[in-house]
Structure formats: C-alpha cells, structure tokens
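Quick notes on the structure that follows.
None of the figures in this text is laboratory data; all of them are computed from the coordinates on show. Computed from a predicted structure; not experimentally measured. FYI the Cβ positions are ideal-geometry reconstructions off the backbone, even for glycines, and counts take in every protein chain you see.
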Amino acid sequence: MKSAIQYAVFVLLCLTIPNTQAVEKITIKLDFIPNIEDGQTTYGVCARCHLPEAWGNDDGTYPQLAGQHVNVLMKQLLDIRNGTRHSSLMFPFVQSRTVGGYQELSNVVAYISTLPMNPDHSRGPWQKGSEQFEQGKEIYQKHCAACHGDNGEGNNELVYPRLQGQHFQYMNQQIMRIKNGVRQVHPAMQAVVSELEPEQLEQAINYASYFAVPKEDMASSKTWRNPDFN
Ligand code: HEC
Ligand code: HEC
C-alpha cells in the first residue's frame, strides 16, 4: 500500500542582485506524495553502499537508515546534497543529475521507511550497572532527552533524529564531528555538545546505544535479507 506521507521541503532561495542591496530570503514549502515503488528502484543505487537492508555497520562507517524518521532522512539528503553536511563518499549520489529532484528523494526516503530495523545494532563498551553507563544516563537525561526523547525515539515533526538502534561508533563519530564544528546541527545541540567533555559525550552516546528498539520495528532475525533485492 502506498503511504501518503507528505514532506515539506524548505528551500531557501537567495536572490543575488547586483550591488550590495540586502534582500530578504524566500522560503518555499513543497509537499510530495511519495511513490514507494520508484523509491525502491532509486534505492538500488544507495544499496551499493548502504546494502539492501540499510542496517549500517559496527565500525560506524555506515549508519543504520532503517527506522529513521522520514524528515530526518530527507534533511540529511538535502544537507549532503548542498554540502552543508560533508560526505565526500555520498555527495555525488544525491545530486539532481544522479538521483533526481525532490520527488525522487521523497520516494527513496519513503522506501527506506518500509524497511525493518537491525535486530542486533552495535552498542557501546559500558553495560548497565557500570559507572560509565550510569554517568552517561545522567548526562543523556539532563542534556539530550529533551530533544531526542527519553528512549532515543526522536521526533519526526521537529526533525530530531531517532538514536534508538543507531550504531554506537557512528553516533560517537558524528557527535565528535559536531563538537569539532565539522557538522552543523541545531544551535541548541551545538551549545550542549561544546560544553561537555569528549568522555561525557561518549558516555551519553554509550547510554543511547542501549535503548531498546520496539519489537514491531525490528526484522525477525539478524539473518533477515531484504527480499526486494534478492
Ligand atoms: C558511495 C557510498 C554511498 C552511497 C551510494 C550512498 N550513501 Fe548514504 N551515506 C554514505 C556514508 C559513508 C554516510 C555517512 C556519512 C557520515 O559519516 O557523515 C552516509 C549517510 C547517509 C545518511 C545520513 C544518515 C544519518 O542518520 O546520519 C542518509 C540519510 C543516507 N546516507 C541515505 C542515502 C541514500 C538515500 C542514498 C541513495 C540515493 C545513499 N545514501 C547513497 C555512503 C553512501
Ligand atoms: C536542541 C535539541 C537537541 C539537543 C539538546 C541534542 N540534540 Fe542531538 N541532534 C539534534 C538535531 C536537530 C540533530 C540533527 C541535525 C541535522 O539535521 O543534521 C541531532 C543530531 C544528533 C546526532 C546525529 C544523529 C544522526 O543520525 O546523524 C547524535 C548522535 C546526537 N544528536 C546525539 C545527541 C546527544 C548525545 C545529545 C546530548 C549530549 C544531544 N544530541 C542533544 C537535536 C538535539
């Protein structure tokens, strides 16, 4: 069944007018009804790196995409496309010449949202009961939960990523990029991250990596393979 999710894409057009006259920015809101079948075809290109299941990997080179909120996925695609978020590997694959326009991006994002999540994502080194786990819990609850949710569920509407089910190394890498200013995020998160020490961030991420993924969102086993690409 085709889902009738709508995406709002915000496009900022900067009008460049000769001379130094200041111009106001123009915001365009666009809605798209995704076509999941077309999205599957497009995903074939993505699967070369992200694999058919979109589950990511333990060493953090690839994130789990399955289960991520559609608006978060879309924002990442647009940010990577326009260079706001730097990924030299993925950059060429999200250009309009290679993947298509907003409709095609909406299709592929909707397709990804049909995939069940990895039942065995990688977790951080400190298990429940250890001092670092408990410290991470405290830091997470104080500094991160307001946006990412008590159980790392994120928020589609507000475009806060779901952390639940994301690989530890990937999150750790991203948060260090955010701390070092390589990746720009919400200014309020940027502020929190610059205040905290790298060890505190790692502990918070460790805690987040242990959030349980709801059973209904997961694949039945870790040997599940995406039948669309068999
Ligand atoms: C050449 C390999 C490659 C291809 C092809 C590719 N990606 Fe990626 N993608 C990556 C890498 C590597 C990252 C992690 C970037 C980073 O570390 O910041 C990534 C990150 C992402 C993210 C960010 C996820 C997050 O939560 O941070 C999304 C969304 C994504 N890819 C979707 C896609 C889609 C959709 C396609 C197909 C149109 C695609 N990718 C094609 C390599 C690739
Ligand atoms: C003000 C809200 C806010 C707070 C507070 C916040 N974040 Fe975030 N976080 C965001 C947003 C928004 C993004 C996505 C930015 C983007 O679109 O690239 C993000 C991105 C991330 C990512 C990258 C996810 C991905 O899939 O690429 C991680 C990991 C993360 N946050 C962890 C944390 C941790 C840990 C804390 C607490 C120390 C924290 N955040 C505090 C809003 C917040």
Notebook entry, point to check: For the stretch 131-212, what is the charge dipole size about the Cα centre, in debye to the nearest 20, if Lys and Arg each add +1 at the Cβ and Asp and Glu each add -1 at the Cβ?
Noted result: 340 debye
Next item on the list: Would you calculate, for the chain, the mean residue ellipticity at 222 nm contributed by helices, counting each DSSP H stretch of 4 or more residues as -39,500 (n - 2.57) and dividing by all residues, to the nearest 500?
Entry: -11500 deg cm²/dmol
Check: How long are the three semi-axes of the equivalent ellipsoid for the chain, computed from the Cα gyration tensor as the root of 5 times each eigenvalue, in whole Å, largest first?
Finding: 29, 25, 15
Notebook entry, point to check: From the backbone phi of the stretch 55-60, what are the Karplus-calculated ³J(HN,Hα) couplings (6.51 cos²θ - 1.76 cosθ + 1.60, θ = phi - 60°) in whole Hz, Gly and Pro given as x?
Noted result: 9, x, 9, 4, 7, x
Check: Looking only at the stretch 169-200, which residues have a backbone nitrogen under 15 Å from a spot 7 Å from the Cα of ALA146 in the C-beta direction?
Finding: 186-196
Checklist line | Cβ-Cβ FRET estimate between LEU51 and ILE26, R0 fixed at 35 Å, reported to 0.05 | finding: 0.35
Next item on the list: Apply the Karplus parameterisation 6.51 cos²θ - 1.76 cosθ + 1.60, with θ equal to phi minus 60°, to every residue of the stretch 174-187 and state each ³J(HN,Hα) to the nearest whole Hz, in sequence, with x for glycine and proline.
Entry: 5, 5, 6, 5, 5, 4, 7, x, 6, 10, 8, 10, 3, x
Next item on the list: Quote to one decimal, in nm, the extra length available between GLN103 and LYS128 on full extension: 0.36 nm per residue of separation minus the C-alpha distance between them.
Entry: 4.6 nm
Notebook entry, point to check: Does the stretch 131-212 classify as rounded, prolate or oblate by the C-alpha gyration tensor (a ≥ b ≥ c root eigenvalues; a/c under 1.5 gives rounded; else a/b over b/c gives prolate, otherwise oblate)?
Noted result: rounded
